[in-house]
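First comes the structure, then the notes that go with it.
Please treat every number below as a calculation from the coordinates, not as lab data. As the structure is a prediction and not an experimental result, all values here were calculated from the model.
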Amino acid sequence: AHPRTHNANKSIFSIFIPMVVSIGFAQEKSKKQVKQELRLENQQRIAGMIEARDFIFVAKTANPQGFSPVGLTGEFNYIKFHPELIESSLPFFGNVFGSYGFGSDEGLKFQGKPEEFTVKKGRKNYHISLRVNGEEGGVYRLILSISFDGSTSVSVSSNNRSNISFNGTITEPETIN
């Protein structure tokens, strides 16, 4: 009777171990699937915001021409994109041209209707370019490179300031009022 019990235990053991291992692999696979589904969901969310032209760029770093990068904090460094209005509240570091007096520059704070708004989808990112005629004769050209995960770089050129670029992310319009 003893050899049969030993063989029975061995059979149960040989069936049980592969089940535990396969369950472990199934859970690992589902974690990867969940991660991939979340990534795809985020990409679709980003695509939807760009297609609607309704999103906010939040700047984390300013890269002034000829100067070292400047870290930015808070949610007060942004550009709001809407189909009929662009509103910028970005800081500026660099040279100002024209009739601005010393200390009177308030940064890249402007708003206006977007013109020449083009969106091109590349293999790894979206490329957006547009022009905004701001108040007091300021003309601003914006070029955005938005990766599928939402990380974004924005280049701003103007008729009265040296070029500057920013790195950050885009987010839904309701996140900043």
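So which of K35/K80; K80/K109; K32/K60 end up more than 23 Å apart by C-alpha? Table pairs above 23 Å Cα-Cα are K35/K80; K32/K60.
Taking amide H atoms as placed 1.01 Å from N in the peptide plane, the amide H of T169 lies under 5 Å from those of V58, K60, T152, each 5 or more residues away in sequence or on another chain.
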